[in-house]
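In what follows, a structure is listed as structure tokens, so that the remarks can point back to it.
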Amino acid sequence: ISPHFAGRSFERMVLDGGIDGILKSHLVLDNHDTPRLTTLVPDPAARRLARLLQFTLPGCPVIYYGSEVAMPGGADPTNRAPMRWDLCNDANEELQLVKNLVAIRRANPALVHGDYRALESERLFAFLRVTEKPRETLLILMNTAPHPVHDIIPIRDSRLMDAAQMECLLSGEHVTLH
């Protein structure tokens, strides 16, 4: 589905269910009853996007053991295989991503209990996570295309002023809103 449609669908779910219920819901990408994420989504870039959404959308991320280290597994019983401890090392990029996302989530209250505001974008899955404190506002932009895209996105938050400085929590880069 298009990023625009995904954003509108999630916004509808939040409007229908209420943010409080969504915040208490689990965000599960795989579990003991499904094939593992690495098997379902073999492309590492696509898995990265799935993880980023799991940790930035409203709800409680739940990681099935081994999923954080890209452990494969198809239908039962391979999806319930013993933990692959050999994959638990600093060279495992998937594990490092999950550790980074856990740290980002812990450091940002808007990701834990903040509201969700969909943003209009044709090319990106774009939304805000906000609390009552403007400094806790997070702007989430997900590019699902295999190439860079350019888009103009109206920011639906009057507390963010023109020329506001923002920092990418993944790369540390600084950007200016206009």
Using all C-alpha to C-alpha distances in the range 60-100, build P(r) with 10 Å bins and read off the rounded percent in each one.
29, 52, 19, 0
Based solely on its DSSP helices, what 222 nm [θ] is calculated for the chain when runs of n ≥ 4 H residues each add -39,500 (n - 2.57) and the sum is averaged over all residues, nearest 500 deg cm²/dmol?
-9000 deg cm²/dmol
Would you tell me the accessible area of GLU132, worked out with a 1.4 angstrom probe on the heavy atoms of the protein chains, in Å² to the nearest 10?
140 Å²
Accessible area of ASP86 in the full protein assembly, 1.4 Å probe (Å², nearest 10)
100 Å²
If each of ASP157 and HIS26 carries a label point 7 Å out from its Cα toward its Cβ, how far apart are those two points in nm?
2.9 nm
Report the FRET efficiency, 1/(1 + (r/R0)^6), for GLN96 and ASP16, where r is their Cβ-Cβ distance and R0 is 41 Å, rounded to 0.05.
0.70
Environment charge at ARG47 (Cβ cut-off 12 Å; Lys +1, Arg +1, Asp -1, Glu -1):
-2
Have a look at the DSSP beta bridges in the range 1-147 and tell me what percent are antiparallel, nearest 5.
75 percent
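Tally Lys and Arg at +1 and Asp and Glu at -1 over the other residues with C-beta under 13 Å from the C-beta of ARG84: what net charge comes out?
Every neighbour counted, the sum reads -1.
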Would you please report the Å³ per residue occupied by the convex hull of the alpha carbon atoms in the range 47-178?
134 Å³
Cα centroid distance between the range 107-143 and the range 10-82, in Å?
19 Å
At a 1.4 Å probe, what is the % contribution of carbon and sulfur to the accessible area of the chain?
58 percent
Computed over all unlike Cα pairs, the Kirkwood hydrodynamic radius of the range 104-178 in Å stands at 13.2 Å
How large is ³J(HN,Hα) for each residue in the range 57-63, as worked out from phi by the Karplus curve 6.51 cos²θ - 1.76 cosθ + 1.60 (θ = phi - 60°), to whole Hz, x for Gly and Pro?
6, x, x, 10, x, 10, 10
Provide the descending list of Cα extents for the range 3-123 along its principal axes, expressed in whole angstroms.
41, 30, 29
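For the chain, what is the charge dipole size about the Cα centre, in debye to the nearest 20, if Lys and Arg each add +1 at the Cβ and Asp and Glu each add -1 at the Cβ? Please report the intermediate quantities before stating the final value.
Values: 19 positive and 22 negative charges, 46 e Å.
Dipole about the Cα centre, nearest 20: 220 debye.
The values are calculated or read from the model by the stated rules, or taken from the named source; none is laboratory data. Just so we're clear, the structure is a prediction, and the values are computed from it rather than from any experiment. Neighbour counts are summed over all protein chains in view; Cβ atoms, including those assigned to glycine, are modelled from backbone coordinates with ideal geometry. Note: areas computed on protein heavy atoms with side chains; ligands, DNA, RNA excluded. Shrake-Rupley method; radii C 1.70, N 1.55, O 1.52, S 1.80 Å.
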